[in-house]
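Notes for the one structure printed next.
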Amino acid sequence: MFGKLFGRGAERPAADPHALPVPPRQKNGIYPLRALGDARVHALVEAAGAGDWAAVKAAAAPFDLGRDHQVLGRLAEVAGLEEWIGRAVEEDVPGPPWPASTRRSTSSRPTATPTRPSP
């Protein structure tokens with residue numbers, strides 16, 4: 001009776017195929033969480049740490065980076081990422097993703113003349 005109540009009599013659910021293995025050591029009875037416990041996040045963080053843009057793109061493919069803020073948070077913790085990632089993205093993208101009519105002006109002059117109230 002208690003086996004059915006607490007789920008011991010049923011089959012165990014299948015293990016997550018992307019789960020990282022449990023580390024062999026505990027620290028104060030707690031296992032440290034690495035890369036959100038996901039092998040895909042671990043591959044993404046390792047590729048970003050190595051500075052390999054092609055591997056970062058491939059490892060980021062299964063994630064919706066617009067919604068997976070925890071994955072972006074782990075990626076943001078990589079030291080030195082901000083030094084090369086912007087340049088790599090700019091080199092990878094063939095052109096701006098917006099229409100020409102919405103591009104910002106690159107001139108040093110302001111596009112609109114501010115009006116001053118008359119005294």
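The values are calculated or read from the model by the stated rules, or taken from the named source; none is laboratory data. None of these values were measured; they are calculated from a predicted model. When we count neighbours, we look across all protein chains shown, and the Cβ atoms used for this are built from the backbone with ideal geometry, even at glycine.
Answer yes if at least one residue in the stretch 56-64 is exposed (fewer than 10 other Cβ atoms within 10 Å of the Cβ) and modelled with pLDDT under 90, and no otherwise.
There is at least one residue in the stretch 56-64 that is exposed (fewer than 10 other Cβ atoms within 10 Å of the Cβ) and modelled with pLDDT under 90.
Name the one entry in P97, P32 that is under 21 Å from D16 (Cβ atoms), modelled with pLDDT under 80 and out of contact with any helix residue (DSSP H, G or I) (no Cβ under 8 Å at 6 or more places or on another chain).
Values: P97 fails: under 21 Å from D16 (Cβ atoms).
Just one listed residue meets the conditions, P32.
Does R87 satisfy being surrounded by 15 or more Cβ atoms within 10 Å (Cβ to Cβ), of a type in the set (K, R) and assigned to a helix (DSSP H, G or I)?
No.
Being of a type in the set (A, V, I, L, M, F, W, C), assigned to a loop (DSSP other than H, G, I, E, B), modelled with pLDDT of 90 or more and surrounded by fewer than 16 Cβ atoms within 10 Å (Cβ to Cβ) is the requirement here; does A79 meet it?
In short, yes.
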